[in-house]
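The values are calculated or read from the model by the stated rules, or taken from the named source; none is laboratory data. Note that this is a predicted model, so its numbers are computed, not measured. Note that we place each Cβ from the backbone using ideal geometry, even for glycine, and neighbour counts take in every protein chain shown.
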Amino acid sequence: MRTLNPPLGPLSVDQFMRGHWQRKPLLIRAALPDFKPPLSPEALFELATRDDVESRLVSQPRGRWRLDRGPFDAQDLPARTRRAWTLLVQGVDLHVDAVHDLLARFRFVPDVRLDDLMISYATDGGGVGPHVDSYDVFLLQAHGRRRWRISAPRAIELLPDAPLRILSHFEAEQEWVLEPGDILYLPPLWGHEGTALGECMTYSIGFRAPSRLELLRGFLADCADSVGGSDPRFGDRGLAPTRTPGRLPEPMTRSLAGWLADWRPTKRQIDDYIGRFLTEPKPSVWFEAQARPPALSPWWEAAQRRGLRADRRSRLAYRGRHLFINGESFEMPSGTSARLRRLADSRELPPDALRATPVDSDLARTLHQWFCAGWIHHSR
Ligand SMILES: [Mn+2]
């Protein structure tokens, strides 16, 4: 995946990042002027039948909000002629190359900040109500028209007893009708409400940002897994008899407090965890390992002839001598780092990057291992 021109209209990437990113909304008319949606509504409905695809149906029977979770058979969905329903399909970039390729236009933001591309299909009047999201989003109008109304961040009150998070008070400060190819950028916590004007499809390019609690939870669990080894246990040889058996023994309290206060993760543990955490695939992603791994030598010959590319679901990042891929950490052997970084940045290695490298090299062995795991493929 090449890095394509950012769809920011007249703004440069620098202007956008300084003036808008995480600060204020931006409407970009004709951001992708000749945009043709790569997926028809029928193809989207088909995706929503799969159990490895996260989908939701939002409707308002008799004026009450209703949320159903997929997968949905064709007969589960309301008719396309029926008003005001919405089908949301999450992570479409994980399943459709042409949709994944769209994300290349947003790689002016680091890959680890990018979450997924969600497609929302709605019939006339459809929407999911006024709400806020915790993350930045680019709303690309892919087909038909949608009216967006937005408001600046403020104290949030939600409708009681609704199956979705819907703001109970929402006063729009600005509103626009988006046409195909237009994009609306929203920073986190801006109130927004989108309403379909006729049948419409909107692509949400969503970002991710960990909270401190999410990071700590995972990190502490990870540390606990790797403690093992020399695990001292409290002992109290010489303990004096007590007449107050209900009281916490002071020496015991002091020892345990010392263990807690003195425990420190190493810098290596910390750096390693951050890289693995930020490249962890989504829970729905499952890589199919090669049932019959090819022998290294013919495989390497083919790789040198055809080049290699990352699977569209693979998450890659590097820092210093470490490369992180799909939640695992590799120390890059000397002589491999320039090319492994190139694989992370461009998501492919063309034949000329591999040609001069012998089959008994660290690079060939590492890439072969990733190929067998299903993380990378031969280029077409
Ligand atoms: Mn939203």
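Scan segment 161-211 for residues that are of a type in the set (Phe, Trp, Tyr), over 14 Å from Ser134 (Cα atoms) and modelled with pLDDT of 95 or more and jot them down.
Passing the criteria: Trp176, Tyr203.
Could you name every one of the helices (runs of 4 or more DSSP H) located completely within segment 295-361 that has at least 2 residues being under 21 Å from the mean Cα position of the chain (by Cα) and surrounded by fewer than 17 Cβ atoms within 10 Å (Cβ to Cβ)?
Output list reads 337-346.
Taking segment 177-221, which residues are assigned by TED's automatic domain parsing to the domain that holds Phe277 and of a type in the set (Asp, Glu)?
If the condition is that a residue be assigned by TED's automatic domain parsing to the domain that holds Phe277 and of a type in the set (Asp, Glu), then Glu214 is the only one that fits.
Against the conditions (1) more than 17 Å from Thr202 (Cα to Cα); (2) in contact (Cβ under 8 Å) with a residue 40 or more places away in the chain, where does Leu77 fall short? Just the number, please.
That leaves (2) as the condition not met.
Looking at segment 363-380, which of its residues are assigned to a helix (DSSP H, G or I) and either closer than 30 Å to Gly218 by Cβ or outside the structural domain of Arg276 (by TED's automatic domain parsing) (or both)?
Selection gives Arg365, Thr366, Leu367, His368, Gln369, Trp370, Phe371, Cys372, Ala373.
Going by the conditions given, is Ala240 free of Cβ contacts under 8 Å to residues at least 24 places away in the same chain, exposed (fewer than 11 other Cβ atoms within 10 Å of the Cβ) and within 40 Å of the chain's Cα centre (by Cα)?
So Ala240 fails the test.
Every residue, every condition in (1) farther than 30 Å from Pro71 by Cβ; (2) of a type outside the set (Ser, Thr, Tyr), yes or no:
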site: Ile270; (1), (2): yes, yes
site: Ala295; (1), (2): yes, yes
site: Arg309; (1), (2): no, yes
site: Arg321; (1), (2): yes, yes
site: Ser329; (1), (2): yes, no
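Name the one entry in Ala162, Ala142, Ala122 that is in contact with a Cys (Cβ under 7 Å, 6 or more places away or on another chain) and among the aliphatic types (A, V, I, L, M).
Ala122
So how many residues does segment 140-165 have that are within 13 Å of the ligand (Cβ to nearest atom) and either in a loop (DSSP other than H, G, I, E, B) or free of Cβ contacts under 8 Å to residues at least 24 places away in the same chain (or both)?
Counting residues in segment 140-165 that are within 13 Å of the ligand (Cβ to nearest atom) and either in a loop (DSSP other than H, G, I, E, B) or free of Cβ contacts under 8 Å to residues at least 24 places away in the same chain (or both) gives 2.
Take the residues of segment 252-294 that are small (Gly, Ala, Ser) and in a helix (DSSP H, G or I): which is nearest to Val96 (Cα to Cα)?
For segment 252-294, the residue satisfying everything is Gly275.
Given the criteria over 25 Å from Arg80 (Cβ atoms) and modelled with pLDDT under 95, does Phe108 qualify?
Taking the combined requirement at face value, the residue does not satisfy it.
With the structure loaded, tell me whether Thr266 is over 30 Å from Leu114 (Cβ atoms), out of contact with any strand residue (DSSP E or B) (no Cβ under 7 Å at 6 or more places or on another chain) and either among the polar types (S, T, N, Q) or not assigned by TED's automatic domain parsing to the domain that holds Leu316 (or both) or whether it fails that test.
Taking the combined requirement at face value, the residue does not satisfy it.
How many of the residues in segment 90-121 are hydrophobic (A, V, I, L, M, F, W, C) and within 14 Å of the ligand (Cβ to nearest atom)?
Summing the residues that are hydrophobic (A, V, I, L, M, F, W, C) and within 14 Å of the ligand (Cβ to nearest atom) in segment 90-121 gives 3.
Just name the residue that is nearest to the ligand (Cβ to nearest atom) out of those in segment 122-139 that are out of contact with any Asp or Glu (no Cβ under 8 Å at 6 or more places or on another chain) and under 25 Å from Trp21 (Cα atoms).
The selected residue is Asp133.
Of all residues in segment 114-139, count the ones that are among the acidic types (Asp, Glu) and in a strand (DSSP E or B).
So the answer is 2.
Output the qualifying pairs, or none if there are none: Cβ atoms under 6 angstrom, residues six or more apart or on different chains, first residue in segment 110-128 and assigned by TED's automatic domain parsing to the domain that holds Leu278, second residue at pLDDT 95 or above.
Once the first residue is assigned by TED's automatic domain parsing to the domain that holds Leu278 and sits in segment 110-128, no partner that is at pLDDT 95 or above comes close enough.
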